[in-house]
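A.B. asks: I have a structure I would like to understand better, so I am pasting it below and will then ask my questions one at a time.
Computed from the coordinates by the stated procedures, all read-outs in this text should not be read as laboratory data. Given the structure is predicted, the values throughout are model-derived calculations rather than measurements. Glycine gets a Cβ as well: all are built from the backbone with ideal geometry, and neighbour counts include every protein chain shown.
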Amino acid sequence: MVISIVLILIVTYLACGLLFAIPFVIKGVDKIDEAANGGSIGFRIIIIPGAMVFWPLLLKKWIKQGGHKK
Amino acid sequence: MGASYLAVGWNRQKKIYDWFIFAFCALYLTTFIAVTALYNPDYTFETALIRSTATLAILLLHVILSIGPLTRINKKFLPLLYNRRHLGVTMFSVALIHGSFSMLQFHALGNVNPFVSLFTSNTQYNSVSQFPFQALGFFALVIFFLMAITSHDFWLHTLSPKIWKALHMFVYLAYFLVIMHVMLGVVQYETNPVLFVMVLAGAATLVTLHLVAGTKEVRKDNRIFKLKKEGFVYVCESQDVPDNCAKIFCIDKERIALFRFENKLYAIHNVCKHQGGPLGEGQIIDGCITCPWHGYQYLPQNGQSPPPFKEKVSTYIVTVEGSQVWLNPQPLPEGTERSGAAIIIPDKQIIENVQ
Ligand code: HEM
Ligand code: HEM
Ligand code: FES
């Protein structure tokens, strides 16, 4: 029972992460790390799993950066 | 480095390394499965796959964990260290096959969600002989997963080196979980003690290697430099530094690498700008000090990466008097050019002091 709830929470979290990851690897990543500008497609795909796990942190950085440079 | 990110920064050496890993894994798995089919024809293919990937993963894990201390003990192991992350990702992939097939075989056949089944099919957490050892393997796999998905340099910058390194250190917890996974699992189904003994021997070897390398390191760091004059400290005799290699000295808590290149001595800060790799444990390749971890390069003459790269490390002034090497532990600004201290060839016995 408890395990089912924890599993559902984890799956929900990762699903949100996947939703976030798509715009992030297309646009957001260039904003938070300048070395990502011109980064290859392979690079963008390879960071998706990580983005699904660490998305709250990346979201925070993206919002912050958006404020600094237009 | 100055360039944009790629998925994998392959070069010739890394390709050879990856092909070697791949060939070794393929050979290991096919041999294991063939031998199983020959001697235990009643085994299913799934069981052979689960066991072959399990043993390969734990073997690779032991290699990964020995590389650090081995290179500190003997430089011959340096080629293993370079590109270690690919070994880590390979280990994770192999373990993932083992874990996935175990889940399929033991938990996906009922109508309970396999992940629920993993934790509920056996709840004898207070028993040794019946312990749900699979949960231990699962948590180890989660740790390896986190390490594998954050292995790109992008994550090092984004998470900050400190957090990334902390995450990395969980590998020791994962190792412990794997050992318990095997120990508590094997007693449940295996009558042959070979695997048991091998894992114990492997763990003992790893602990010994880390202790030997660790004490060596501590002894080096605690060395007291007594001979001082005018800001310089006496560090060693000039013939102590092997050609194209370095000796590392820890002076006032800073590690400094003293390199010998074309019979001159150059000192630079020991810490690589990429991920803090120990430059003094690397060698000079094509005239550049090459970091043993991922191959960032620096010129001995000025501590700068050759263009187009922009990394710079602090440099230090060295002098040679007779056979004595003196080093000024006051760092010069990063990337400062200074000439090397020429080593005086003993048979000429001329005291010339090139600085
Ligand atoms: C998958 C991505 C991986 C990358 C990028 C990677 C890279 C690195 C790097 C750069 C270091 C040196 C960092 C430091 O000590 O501060 C390191 C250390 C280490 N790695 Fe990995 N590795 C990866 C996976 C793994 C895996 C899966 C394991 C084990 C199963 C592992 C085991 C270790 C250990 C034990 C150390 C520290 C010991 C030492 O300094 O010698 N790594 N790794
Ligand atoms: C989801 C994660 C995992 C699950 C469900 C799992 C499950 C199992 C199972 C069911 C066995 C018994 C196999 C048999 O009866 O033949 C086993 C054995 C073993 N596992 Fe895992 N495991 C997991 C993760 C890992 C990881 C991460 C490692 C090491 C890197 C590992 C290493 C081993 C080893 C060395 C054995 C003994 C192999 C043998 O009997 O020949 N496991 N595991
Ligand atoms: S630490 Fe990565 S190249 Fe030096």
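A.B. asks: Can you compute the FRET efficiency between residue B:198 and residue A:59 using 1/(1 + (r/R0)^6), with r the Cβ-Cβ distance and R0 = 41 Å? Round to the nearest 0.05.
C.D. replies: 0.35
A.B. asks: Given +1 on the Cβ of Lys and Arg, -1 on the Cβ of Asp and Glu, and no further charges, what dipole in debye does chain B carry about its Cα centre, rounded to the nearest 20?
C.D. replies: 440
A.B. asks: Using 1/(1 + (r/R0)^6) with R0 = 56 angstrom and r between the beta carbons of residue A:7 and residue B:227, what's the FRET efficiency to the nearest 0.05?
C.D. replies: 0.30
A.B. asks: Under the definition of partner shielding as Cβ atoms of other protein chains within 10 Å of a residue Cβ, what is the mean value for peptide B:140-147?
C.D. replies: 1
A.B. asks: Which angle between 0 and 90 degrees, to the nearest 10, do you get for helix B:45-73 versus the longest principal axis of chain B when only C-alpha atoms count?
C.D. replies: 20
A.B. asks: Using a 7 Å offset from the Cα along the Cα-to-Cβ direction at both residue B:162 and residue B:336, what is the distance between the two label points in nm, to one decimal?
C.D. replies: Distance between the two pseudo-spin positions: 2.8 nm.
A.B. asks: Given springs between every Cα pair under 10 Å in a Gaussian network model of chain B, which of B:92, B:133, B:309 has the largest fluctuation?
C.D. replies: B:309
A.B. asks: Could you work out how far helix A:55-68 tilts from the main Cα principal axis of chain A, as a 0 to 90 degree angle to the nearest 10?
C.D. replies: Between the helix axis and the principal axis of chain A, the angle is about 30 degrees.
A.B. asks: Which net charge results when you count Lys and Arg as +1 and Asp and Glu as -1 among the other residues whose beta-carbon is under 11 Å from that of residue B:266?
C.D. replies: +1
A.B. asks: Apply the Karplus curve 6.51 cos²θ - 1.76 cosθ + 1.60, θ = phi - 60°, to the phi angles in segment B:310-325 and return the couplings in whole Hz, x for Gly and Pro.
C.D. replies: 10, 5, 9, 10, 5, 10, 9, 8, 10, 10, 10, 10, x, 9, 8, 9
A.B. asks: Could you check how many percent of all C-alpha pairs in segment B:143-274 are farther apart than 18 Å?
C.D. replies: Considering segment B:143-274, 73 percent of its Cα-Cα pairs are separated by more than 18 Å.
A.B. asks: To the nearest 20 debye, what charge dipole does the protein assembly as shown have about its Cα centre, counting +1 at the Cβ of each Lys and Arg and -1 at the Cβ of each Asp and Glu?
C.D. replies: Computed charge dipole of the protein assembly as shown: roughly 880 debye.
A.B. asks: Also: With the Cα gyration tensor of segment B:228-354 in hand, give its eigenvalues times 5 under a square root as the equivalent ellipsoid semi-axes, listed largest first in whole angstrom.
C.D. replies: 23, 15, 13
A.B. asks: When chain A is treated as a GNM, springs tying every alpha-carbon pair under 10 Å, which of A:53, A:11, A:25 comes out with the largest mean-square fluctuation?
C.D. replies: A:11
A.B. asks: If we sort B:151-158, B:231-238, B:204-211 on the protection proxy, mean other Cβ atoms within 10 Å, highest first, what's the order?
C.D. replies: Sorting B:151-158, B:231-238, B:204-211 by mean packing, highest first, produces B:151-158, B:231-238, B:204-211.
A.B. asks: Under the 0.36 nm per residue contour assumption, what length would be gained going from the current alpha-carbon distance of residue B:78 and residue B:188 to full extension?
C.D. replies: Stretched out fully, the residue B:78 to residue B:188 stretch lengthens by 35.6 nm.
A.B. asks: Let's test the formula: R0 of 30 Å, r as the Cβ-Cβ distance of residue B:42 and residue A:19. What FRET efficiency results, to the nearest 0.05?
C.D. replies: The computed FRET efficiency comes out at 0.05.
A.B. asks: Can you give me the long-range amide H partners of residue B:311? Hydrogens built in the peptide plane at 1.01 Å from N, cutoff under 5 Å, separation of 5 or more residues or another chain.
C.D. replies: So residue B:311 has HN proximity to B:305.
A.B. asks: What average number of partner chain Cβ atoms lie no more than 10 Å from the Cβ of the residues making up B:154-166?
C.D. replies: 3
A.B. asks: Another question about this same structure. Could you order the peptides B:72-84, B:40-52 from most to least packed, using the average number of other C-beta atoms within 10 Å per residue?
C.D. replies: B:72-84, B:40-52
A.B. asks: Among B:166, B:344, B:114, which residue has its Cα furthest toward the positive end of the charge dipole of chain B, with +1 on Lys/Arg Cβ and -1 on Asp/Glu Cβ?
C.D. replies: B:344
A.B. asks: What number comes out for the charge environment of residue B:217, summing +1 per Lys or Arg and -1 per Asp or Glu over other residues with Cβ under 12 Å away?
C.D. replies: Counting the neighbours of residue B:217, the net charge comes to +4.
A.B. asks: Compute the long axis of helix A:2-23 from its Cα atoms, compare it with the longest principal axis of the Cα atoms of chain A, and write down the angle in degrees, 0 to 90, nearest 10.
C.D. replies: With rounding to tens, the tilt is 20 degrees.
A.B. asks: Could you tell me which of the pairs B:76/B:247; B:226/B:312; B:162/B:216; B:216/B:264; A:27/A:60; B:15/B:165 are separated by over 20 angstrom between their Cα atoms in the structure shown?
C.D. replies: Over 20 Å Cα-Cα: B:226/B:312; B:162/B:216; B:216/B:264; B:15/B:165.
A.B. asks: Would you mind working out the magnitude of the charge dipole of segment B:129-232 relative to its Cα centre, with +1 at each Lys and Arg C-beta and -1 at each Asp and Glu C-beta, to the nearest 20 Debye?
C.D. replies: Magnitude of the dipole: close to 760 debye.
A.B. asks: Out of residues 5 or more away from residue B:321 or on other chains, whose amide H comes under 5 Å of its own, with H placed 1.01 Å from N in the peptide plane?
C.D. replies: For residue B:321, the qualifying residues are B:326.
A.B. asks: For segment B:208-296, which trypsin sites (Lys or Arg not before Pro) pass both filters: DSSP loop (anything but H, G, I, E, B) and at most 13 other C-beta atoms within 10 Å?
C.D. replies: B:223, B:226, B:253
A.B. asks: For residue B:283, enumerate residues with amide H under 5 Å from its amide H, sequence gap 5+ or separate chain, H modeled in the peptide plane.
C.D. replies: B:290
A.B. asks: A further question follows. Residue by residue through A:47-58, how many Cβ atoms from other chains fall within 10 Å of the Cβ on average?
C.D. replies: Mean partner-chain Cβ count within 10 Å for A:47-58: 4.
A.B. asks: Restricting attention to chain B, give the cysteines that have no other cysteine Cβ less than 4.7 angstrom from their Cβ.
C.D. replies: B:25, B:236, B:245, B:250, B:288
A.B. asks: Between residue B:309 and residue B:285, with labels modelled 7 Å along Cα→Cβ, what's the label distance in nm to one decimal, could you check?
C.D. replies: 1.0
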